[in-house]
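Inspection log for the structure reproduced underneath, given as structure tokens.
Readers should treat all values here as calculations from the given coordinates under stated rules, not as data from a laboratory. Remember, predicted model here, so these are calculated numbers, not experimental data. Counting neighbours? That spans all protein chains shown, and the Cβs are built from the backbone with ideal geometry, glycine included.
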Amino acid sequence: MSFSTLYGTGKFGLSFELFPPKSAESEVAMWQTVEDLMAFSPSLVTCTYGAGGSTRGKTLDIVEGVHRKYGLPVASHLTCVGSSVDELREYLAEALDRGVSGIVALRGDPPKGETEFRPVVGGLSYASELVQLIHTECPSLDIAVAGYPETHQEAMSEEMDLENLKRKCDAGGQAVITQLFYENSDLFRFRDRCESLGIHTPIVPGVMPVVNFSQVRRIAKLCKAKLPAEFINAMEKAGESESAQFEAGVQFATQQVHELVRAGVPGLHFYVLNRSPATAQVLQQVGISGKN
Ligand SMILES: Cc1cc2nc3c(=O)[nH]c(=O)nc-3n(C[C@H](O)[C@H](O)[C@H](O)COP(=O)(O)OP(=O)(O)OC[C@H]3O[C@@H](n4cnc5c(N)ncnc54)[C@H](O)[C@@H]3O)c2cc1C
């Protein structure tokens, strides 16, 4: 597998993102989710890397488990937070040993309560440096990087953020997976700006169906993605009913995905949050699956 072939002509790269569950019970639920989502023939499954490297072993257990059980390409997310270059090297070596074919290479967020990212002694400051490390020392690993249709929160300007993305792609990033967003026009503008800057790497929209009010609040707080008034109105209309909120969320995500597919995106990356119903309903309604 190579990210460049997952998203080539005649292909549709469908990926699902999991996170390391915190309890035995939620781990069972996560594996059921994976089983349910196999019906859509994903091209890739990824698993996040907890803040500060808190889930190192668990992230690899999950991706290795998916790879062994389903024979699918898998990618581990990896951040620069809390690790020296030597520790990052160790992680990459273990990932290769355990059948991981790609890395989603990230800088990571500053620890809670801090506004600025500070590398550890002997560590890396930016995702572009991690991409370079992987590309140089582990060339058999595919590399995806993060892109921000609404610009990264800490970026000095949109231009500087896009220059950073170009640096990551030039250093070896083979696919750009975007932060979640809810206005497709932001994605289309981002895609055009990337193209005009010479970033020809496949840009894979990150999609997260929002199916209840607590998720709405979480998004506003954590990543500050804009939620369209039309969607908030639909959620408000749903009132207290959990099932009506779910329906409103699925309907909005279905429209969003329909439009993205019609606009020729090379694939989709679903933030499934270890639960399948919303993603499964959207995929069913749009009628898509991975094509490889
Ligand atoms: C698809 C996806 C998956 C993610 N998975 C995880 C995960 O598993 N675990 C986790 O903890 N977090 C994850 N994140 C969140 C991510 O770690 C944060 O968004 C983080 O704040 C930035 O990471 P980055 O890789 O984009 O950083 P970078 O690309 O390094 O950019 C960080 C900031 O620095 C700026 N910058 C970069 N280079 C320079 C430079 N040379 N000079 C000045 N400014 C510069 C950029 O414009 C940006 O504002 C994920 C995000 C996405 C979109």
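For Phe19, Phe246, what's the fewest-to-most ordering of other Cβ within 10 Å of each Cβ?
The order, fewest Cβ neighbours first, is Phe246, Phe19.
Show the residues, 5+ positions off or on another chain, whose built amide H is closer than 5 Å to the amide H of Gln174.
The answer is Ile143, Ala144, Val145.
Which ³J(HN,Hα) values, rounded to whole Hz and listed in residue order, are derived for the stretch 211-216 from phi using the Karplus coefficients 6.51, -1.76 and 1.60 in 6.51 cos²θ - 1.76 cosθ + 1.60 with θ = phi - 60°, glycine and proline given as x?
10, 7, 5, 5, 5, 4
Nearest 10 degrees is fine. How inclined is helix 158-170 to the longest principal axis of the chain, computing both from alpha carbons?
60 degrees
What angle do you read, to the nearest 10 degrees and between 0 and 90, between the alpha-carbon axis of helix 85-97 and the longest principal axis of the chain?
70 degrees
Work out Dmax and Rg for the stretch 60-101 from the C-alpha atoms and quote the Rg first, both in angstrom.
In order Rg, Dmax, the Cα atoms of the stretch 60-101 give 10.9, 33 Å.
³J(HN,Hα) across the stretch 220-236 via Karplus (A = 6.51, B = -1.76, C = 1.60, θ = phi - 60°), whole Hz, x for Gly/Pro?
4, 7, 7, 10, 6, 5, 6, 9, x, 4, 4, 6, 4, 4, 5, 5, 5
What three numbers, in Å, describe the spread of the alpha carbons of the stretch 219-292 along their principal axes, ordered from the longest?
41, 25, 24
Give the residue list of trypsin sites (Lys or Arg not before Pro) in the stretch 76-152 that are DSSP loop and have at most 10 other beta-carbon atoms within 10 angstrom.
Here the sparse-neighbourhood loop sites are Lys112.
Using alpha carbons only, what's the Rg to Rh ratio of the stretch 116-157 with Rh from Kirkwood?
The Rg/Rh ratio comes out at 1.03.
Add -39500 (n - 2.57) for each DSSP H run of 4 or more in the chain, then divide by its residues: what number comes out at 222 nm, to the nearest 500 deg cm²/dmol?
-14500 deg cm²/dmol
Can you bin every Cα-Cα distance in the stretch 114-220 into 10 Å intervals starting at zero and give me the percent of pairs per bin, rounded to whole numbers?
14, 40, 33, 13, 1
With labels modelled as points extended 7 Å from the Cα through the Cβ direction, what inter-label distance (nm, one decimal) is found for Asp86 paired with Ala51?
Each label point is offset 7 Å from its Cα along the Cβ direction, giving 2.8 nm.
Please arrange Cys47, Cys80 by how many other C-beta atoms lie within 10 Å of their C-beta, fewest to most.
Cys80, Cys47
Treating each Cα of the stretch 156-292 as an identical point scatterer and ignoring solvent, apply the Debye formula and state log10 I(q)/I(0) at q = 0.11 Å⁻¹.
Log-scaled intensity ratios, in q order: -0.44.
Please identify, among Pro119, Pro20, Pro266, the residue showing maximal mean-square fluctuation in a Gaussian network model of the chain using a 10 angstrom Cα cutoff.
Top of the fluctuation ranking is Pro119.
So the label point goes 7 Å from the Cα of Glu158 along Cα→C-beta, right? Which residues of the stretch 221-239 then have their backbone N under 20 Å from it?
223-229
Give me the net charge of Ala127's neighbourhood, meaning all other residues with Cβ under 14 Å from the Cβ of Ala127; Lys, Arg count +1, Asp, Glu -1.
For residues surrounding Ala127, the net value is -2.
Just the number, please: Stokes-Einstein D of the stretch 3-286 in µm²/s, Kirkwood Rh from C-alpha pairs, 20 °C, 1.002 mPa s.
My calculation gives 111 µm²/s for D.
In whole percent, what relative contact order does the stretch 3-286 give with Cα contacts below 8 Å and a gap of six or more residues?
20 percent
So if we plug the beta-carbon distance of Ser4 and Ser243 into 1/(1 + (r/R0)^6) with R0 = 45 Å, what FRET efficiency do we get, rounded to 0.05?
The formula returns an efficiency of 0.60 here.
Counting other Cβ atoms within 10 Å, which GluC sites (Glu not before Pro) in the stretch 143-193 have at most 13 and lie in a DSSP loop?
Answer by residue number: Glu154.
Convert each backbone phi in the stretch 194-204 into a coupling constant with the Karplus relation 6.51 cos²θ - 1.76 cosθ + 1.60 (shift: θ = phi - 60°), then list the ³J(HN,Hα) values in order as whole Hz, x for Gly and Pro.
With coefficients 6.51, -1.76 and 1.60, one gets 4, 4, 6, 8, x, 8, 9, 6, x, 10, 9 Hz.
What is the dipole size for the chain, taken about its Cα centre, with +1 at each Lys and Arg Cβ and -1 at each Asp and Glu Cβ, in debye to the nearest 20?
That gives a dipole near 280 debye.
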